[in-house]
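K.L.:
Pasting in a structure now, in structure tokens, and then I'll have a few things to ask.
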Amino acid sequence: NKVLKLKHFKINSGPGSGKGSQCEQLAKKYGFTHLSTSDLLQNELLSLSERSKLIKDIVECGEPVPGGIVLELLKEAMVSKLGDTKGFLIDGYPQELKDAEEFESKIGEPKLVLCLDCSAETMSSQSSENTETTEDRIESYYQASNPLIAYYENKDVGNKGTSDSLFPPWCFVAH
């Protein structure tokens, strides 16, 4: 229940857009904890737990890790940092609308959702993957992010003007 009382913010943007770098800067500036789902998954894979074996099998089959598993990792990370943070910047989750709804039911509604406005060309130029894989990931991001952005805009998450006063102009706040 303590997690529900802390501020948490979602950062939404495509692969190679620089959201991880921006989260690190925002975390440092405002005293938040940056939780990257990619980092959480990598750390779990290194742990050799039963869950890591399941994640490894899923990844080896080329499938995305189910949102429920990612949510478990996020919640555990949030609980472990409760006394050491002013809030959380969540990078890489949710990726689908059902994940957003599950997060809200189990953890709570975000105080703010930031969407980094980044062109497909910029995202492609930042990727170290092959062109086809990068294009597929960017296309998947756009297909999944549009309903998510609309969902958060309809929920009125955040306050108008917040992006201008706190964040650089390449951010916009879904509200």
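K.L.:
Scan the range 34-47 and give yes if some residue there is of a type in the set (Ser, Thr, Tyr), within 24 Å of Lys155 (Cα to Cα) and in contact with a Phe, Trp or Tyr (Cβ under 7 Å, 6 or more places away or on another chain), otherwise no.
P.N.:
Yes, the range 34-47 contains a residue that is of a type in the set (Ser, Thr, Tyr), within 24 Å of Lys155 (Cα to Cα) and in contact with a Phe, Trp or Tyr (Cβ under 7 Å, 6 or more places away or on another chain).
K.L.:
Counting only residues that are aliphatic (A, V, I, L, M) and modelled with pLDDT of 85 or more, which one in the range 92-120 is most open to solvent (accessible area, probe 1.4 Å)?
P.N.:
Leu97
K.L.:
Could you go through the range 56-78 and let me know if any residue there is touching a strand residue (DSSP E or B) at 6+ places or on another chain (Cβ under 8 Å), farther than 22 Å from Ile138 by Cα and either open to solvent by 50 Å² or more (accessible area, probe 1.4 Å) or of a type in the set (Gly, Ala, Ser) (or both). Working first, answer last.
P.N.:
So the first thing to find is which residues in the range 56-78 are touching a strand residue (DSSP E or B) at 6+ places or on another chain (Cβ under 8 Å), and the list is 74, 77-78.
Those still in the list that are farther than 22 Å from Ile138 by Cα too: 74, 77-78.
Adding the requirement that they be either open to solvent by 50 Å² or more (accessible area, probe 1.4 Å) or of a type in the set (Gly, Ala, Ser) (or both) leaves 77.
Yes: one or more hits.
K.L.:
Please specify each residue of the range 26-71 satisfying the condition of being assigned to a loop (DSSP other than H, G, I, E, B) and either touching an Asp or Glu at 6+ places or on another chain (Cβ under 6 Å) or within 21 Å of Ile90 (Cβ to Cβ) (or both).
P.N.:
If the condition is that a residue be assigned to a loop (DSSP other than H, G, I, E, B) and either touching an Asp or Glu at 6+ places or on another chain (Cβ under 6 Å) or within 21 Å of Ile90 (Cβ to Cβ) (or both), then Gly31, Phe32, Pro64, Val65, Pro66 are the ones that fit.
The values are calculated or read from the model by the stated rules, or taken from the named source; none is laboratory data. Bear in mind the structure is a predicted one, so any value in this text is a computation, not a measurement. Don't worry about glycine lacking a Cβ; one is built from the backbone with ideal geometry, like all the others, and counts go over all protein chains shown. Heads up: the accessible areas ignore ligands, DNA and RNA and are worked out on the full protein's heavy atoms, side chains in. Shrake-Rupley method; radii C 1.70, N 1.55, O 1.52, S 1.80 Å.
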